[in-house]
Structures are given as C-alpha cells and as structure tokens.
Amino acid sequence: MSELSYAHGTGTTALLGDTIGRNLDRTVAAWPDREALVDVPSGRRWTYAEFGAAVDELARALLASGVAKGDRVGIWAVNCPEWVLVQYATARIGAVMVNINPAYRAHELAYVLKQAGISLLVASLAHRTSDYRALVEEVRADCPELRAVHYIGDASWDELVATAGRITPEQLAAREAELSCDDPINIQYTSGTTGFPKGATLSHHNILNNGYFVGELVAYTEQDRVCLPVPFYHCFGMVMGNLGATSHGACIVIPGPSFEPAAVLSAVQQERCTSLYGVPTMFIAELNLPDFASYDLSSLRTGIMAGSPCPVEVMKRVVAEMHMAEVSICYGMTETSPVSTQTRRDDDLERRTGTVGRVMPHIEVKVIDPVTGVTLERGESGELCTRGYSVMLGYWDQPERTAEAIDAGRWMHTGDLAVMREDGYVQIVGRIKDVIIRGGENIYPREIEEFLYRHPKIADVQVVGVPDERYGEEVLACVIPADPADPPALEEVRAFCEGQLAHYKIPRLLQILETFPMTVSGKVRKVELRENYRP
C-alpha cells in the first residue's frame, strides 16, 4: 500500500511556552555582553544588555502614551533599529503590532489604519519617492481612531521615548504579568482574491516558535551574525530573521533600509556575518555585481532563501562562491507564521533546488484533493494544507474569511498545488489562486483589477502574471477599452496607478483585447491569458 501525502514533524526540542518578552529576558541574561543588533548605515550597535534596556525604555514610553493590552500599534517604516525596538516593545506590553508595507500609498494606508483600528503609528519620515508624513496627513481625517503618530528620526520619536520615565519598571512588569503566549501580538496584511487585504493575526506562540525552529534547523548559536536585507514588514525579516536570531543569542545585522546588493556584501564582509537571507533575485543581484569577487564572504556558512524557487546554477554559486554550504530553503505563508517546510543542513543540491524541504518540527502537512478534501497518495498533485502551533489565530475582524482558509480540523488551506515525494520532501507545482510572485512580493490580481476599474478608459480588466527573467513574474493587465477607438496606453495606466498602488503592483505590461477567453460557466480563463500574451 502506498504511503499517504501526510507528514508530522517530530523533534527532540520542545515548543517554547514563553511570551516574546520572557524569551528576550532569557537571552539577555545568558549573553548580556554579546552584540544583539548592528545598524551598518548609522554605525549604531547594541549588546543584548543594551538592547534589552532600549526595548524596556520604549515599552514604558508606549505605556505612558496610553497603549493598552490589545491596542493596535502600526509600524510603517523601512528596515532600521527602531523597527526592531517597536517589534519587541509592543510584544512586551501586549500591544498588537501591525506591519505596514513601506511601499503602500494613500488608499492602501488608509484601509489598514481603519481595518486594524490603529491608535498609534510609528513611521519613517520618507523613503525614495514616498513622503510618509504627507501621506499620513492625507488620510488622517478618515482614521478617527488614530490618535498619535511618531516619526523615526524626528523630534516626535524623541518625545515619545522621553515619556518612559513616567512608568516604573514595576508597572511594566505588572503589565507583562497579564500576558499569555497565546495573545495576539502581530497583524500582517495579505491581500485576498476579493481585492481587500486581510490581516493575518499571529500570537507570541506562533511567531516565537517559528523563528526559533527555523534558527534551530540552521544551527544558530550565540556565535552567529545574521545579515537581513529582507524587509522586516514580512515574516521573512521579523520572524525568521529577528526572532530566529534573538531566540538563540545571535546578532541581527541591518545592511541598509532596503535592498542594495553592494551594501549587503559590504555588511557581510565588515561584520563577519555567518548567515545571509534573501529571495533568489537578491542573491542573483549580489552574484552579478561586477566586483563580486572582491568581497570577502568567507565568514558565511548558512542563510535562508525563500519566496520563489532557486535556479540550480544560482544555488551552485551561492554554495561555492558565497561559502553558504548549509543554506536552507524555506516554504510558508504569512498565515502560518510563516514556515511549514524547510530543507536541512545536509540536504543535497537536488533537494535544495527541486523541493521546498520537508515538514518542520511540531507541524503537520498533507496534500489533499482540492474538491473532495481526501488525502492523496505520495506523488500525486493536490492542495497543500498545514496544521499546528504555527497556524494563525485568524484574519483580524474577518471571521468569514478565516473560515474559508482554516477548516474545522484547524488545517490551513494554502491554495498551493504541491506533490509530497516518497522521501517526504515537498514540491510546489503551481497555485490554485492566481497570486503573482514578483521578486518575492506576493501580488493579488483582484486588488489591482478593482483599482483599474476606476480608469475612465477601461471597461473590463484581468490581471495575470507572466514569466520574467529578472523578477520571476511580471504584472500584465489585459484590458477591454470603454471605447475601442481610444484605448488606454500603458503610460496612461501606469500614471493612473502612481501614488495609489505600491510600485511593485503597477502593471509593467498591457494588452488591449476585444473579449476575454471564457469557460463554459462564464469564468475568465486566466491561464489562457498568461499563455497567449506572455512576452
């Protein structure tokens, strides 16, 4: 009899029952003098003792500003030390930190502020073409629950921190004593096919354990130094990165506010990093630097690659030329904190490039028939589902959406088509949903379609992902014009989106059509659009 496509990750290490604050306390006590956080651009450094003190100071300041347990505190910023301090300070007082993508524009920001009921927002002042203060002021009148905004690098941030003296350490300890590891602690927005973002709500238990076990599988110790060019607003940065490091006494190294390949390699060299994270496109950009060979990367031993499959030749170079012999591939989704499967340190090249690893400790995965829900035999393609400590509490204030994603048995339905091999390793073979993955960013076509329906020259629109050599996939808008004699040009569509949609969601390609290919039941055949109009 063939084995079923079911696997349970056993392990000799128990799940952590701590809150994030208690876990940080253990690390500070164990390694007070080891470096916890380094910001390469500014040269600022914190030992664990200093980092713990800075977290406590910010936690007391948030209490002084009236943040209650369960209140939502937004963080809308690029990678910087303050982002990390907010992450741990909110956890310490039981506030729910809401991650906001730095690329969001006005209407996306307004939706998140209102849907999560954010009362206090911490934001960058500006990044690239975004003036965050101007965008906040544009939407603030429509967000009555937002009572305070503090900008990093501005007097308002200093004023917030200065209020810490109003709260005693005993008052902070009293708040911490009220917290449970199962309390909601983080909301991360992930758009759905309805076009409206959903707030995946995660607990201390969800993300602390996931970060910890990702770190365990790459064998982190207090000797490790982890270079994080991936964004903190994703689970990749704040869970697999920050929590993976602090739960092991390792050091978080921030190479810059956003990804710049030369800055990353310079940070690895300067700080003698042992681990480097990225999506495959990041590693490709680093390897393709004209002066790549001039960087001393000999301190590296491991790292994590996730977001999309890694080409074999790229993996060979990462192992050979970047010294990352133990690099790990991870698969997951925001709703599962995020990692469900991961390759192991001694896996061969085929497993690292042909699969997304095998089930993590304390997690279950199975592959089912999407129609019947029956578990398939190994080798058959179906929907990947996962269950365990990592599954989110639910979508914030959206019980109906939660019920669509998590079934009565507490299995999270990923929407991804997968095959579980005989050896238990999982291959992702496609997506049930039409998510576009561009350079590691998940893009949900319905959200872009809903926005483009507002364009006066567009009668109907379908958005699909088409293959792209650099980003993996690129956004193609297939449009039926309101007036066939006057169709919109690509430049017009892009200009319409500028300042309203995050840059990575703006269509790079446009196809004008008279009709869409349809199924018998009247649904648009997106697969046909992808095939017919790929570059």
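Please go through the range 115-136 and give me each residue that is among the aliphatic types (A, V, I, L, M), touching a residue at least 24 places away in the same chain (Cβ under 8 Å) and part of a strand (DSSP E or B), ordered by number. Don't jump to the end; show me each part of the working.
So the first thing to find is which residues in the range 115-136 are among the aliphatic types (A, V, I, L, M), and the list is 116, 118, 120-123, 125-126, 134-136.
Add one more test, that the residue is touching a residue at least 24 places away in the same chain (Cβ under 8 Å), and what stays is 116, 118, 120-123, 125, 135-136.
Hits for the range 115-136 are Ile118, Leu120, Leu121, Val122, Ala123.
Considering only residues that are of a type outside the set (Asp, Glu) and either part of a helix (DSSP H, G or I) or without any contact (Cβ under 8 Å) to a residue 24 or more places away in the chain (or both), which ones fall in the range 270-286?
Hits for the range 270-286 are Gln270, Pro280, Thr281, Met282, Phe283, Ile284, Ala285.
Look through the range 499-535, keep the residues that are modelled with pLDDT of 95 or more and open to solvent by 40 Å² or more (accessible area, probe 1.4 Å), and return whichever of them is nearest to the chain's Cα centre (by Cα).
Taking the candidates together, the pick is Arg508.
For the range 35-50, what are the residues that are of a type in the set (A, V, I, L, M, F, W, C) and in contact (Cβ under 8 Å) with a residue 40 or more places away in the chain?
Taking the range 35-50 first, the residues of a type in the set (A, V, I, L, M, F, W, C) are 36-38, 40, 46, 49.
Ala36, Leu37, Val38, Val40 - these are the residues of the range 35-50 that are of a type in the set (A, V, I, L, M, F, W, C) and in contact (Cβ under 8 Å) with a residue 40 or more places away in the chain.
Which of the residues belonging to the range 448-473 are in contact (Cβ under 8 Å) with a residue 40 or more places away in the chain, within 30 Å of Phe283 (Cα to Cα) and not in a loop (DSSP other than H, G, I, E, B)?
Ile448, Val463, Val464, Gly465, Val466, Pro467, Asp468, Gly472 - these are the residues of the range 448-473 that are in contact (Cβ under 8 Å) with a residue 40 or more places away in the chain, within 30 Å of Phe283 (Cα to Cα) and not in a loop (DSSP other than H, G, I, E, B).
Testing Val371 on (1) modelled with pLDDT under 95; (2) crowded, with 20+ Cβ neighbours inside 10 Å, one condition comes back false. Which one is that?
Answer for Val371: the failing condition is (2).
Among Ile428, Ile437, Ile458, Ile432, which is the only one that is open to solvent by less than 20 Å² (accessible area, probe 1.4 Å), closer than 26 Å to Lys526 by Cα and not basic (Lys, Arg)?
Ile458
Within the range 259-268, is there a residue that is part of a helix (DSSP H, G or I), closer than 30 Å to Ala29 by Cβ and open to solvent by less than 10 Å² (accessible area, probe 1.4 Å)?
Yes - at least one qualifying residue is present in the range 259-268.
Filter the range 366-407 down to the residues that are in a loop (DSSP other than H, G, I, E, B) and either among the charged types (D, E, K, R) or farther than 27 Å from Thr201 by Cβ (or both) and list them by number.
Step one: filter the range 366-407 for residues in a loop (DSSP other than H, G, I, E, B), giving 369-374, 376, 378-380, 389-393, 396-398, 407.
Within the range 366-407, Asp369, Val371, Thr372, Val374, Leu376, Arg378, Gly379, Glu380, Asp397, Asp407 qualify.
From Ala155, Ala164, Ala177, Ala173, grab the single residue that is among the small types (Gly, Ala, Ser) and more than 27 Å from Gly249 (Cβ to Cβ).
Matching residue, one of Ala155, Ala164, Ala177, Ala173: Ala155.
For the range 298-350, enumerate the residues that are of a type in the set (Asp, Glu), open to solvent by 20 Å² or more (accessible area, probe 1.4 Å) and outside any loop (DSSP other than H, G, I, E, B).
Residues satisfying the conditions are Glu313, Glu321, Glu350.
Of the residues Val226, Val139, only one is under 15 Å from Trp76 (Cβ atoms) and either part of a strand (DSSP E or B) or free of Cβ contacts under 8 Å to residues at least 60 places away in the same chain (or both); which?
Val139
The values are calculated or read from the model by the stated rules, or taken from the named source; none is laboratory data. The structure displayed is predicted, hence computed values, not measured ones. Cβ coordinates were reconstructed from backbone atoms using ideal geometry, including for glycine residues, and neighbour counts include every protein chain displayed. These accessible areas exclude ligands, DNA and RNA; they are computed on the full protein's heavy atoms, side chains included. Shrake-Rupley method; radii C 1.70, N 1.55, O 1.52, S 1.80 Å.
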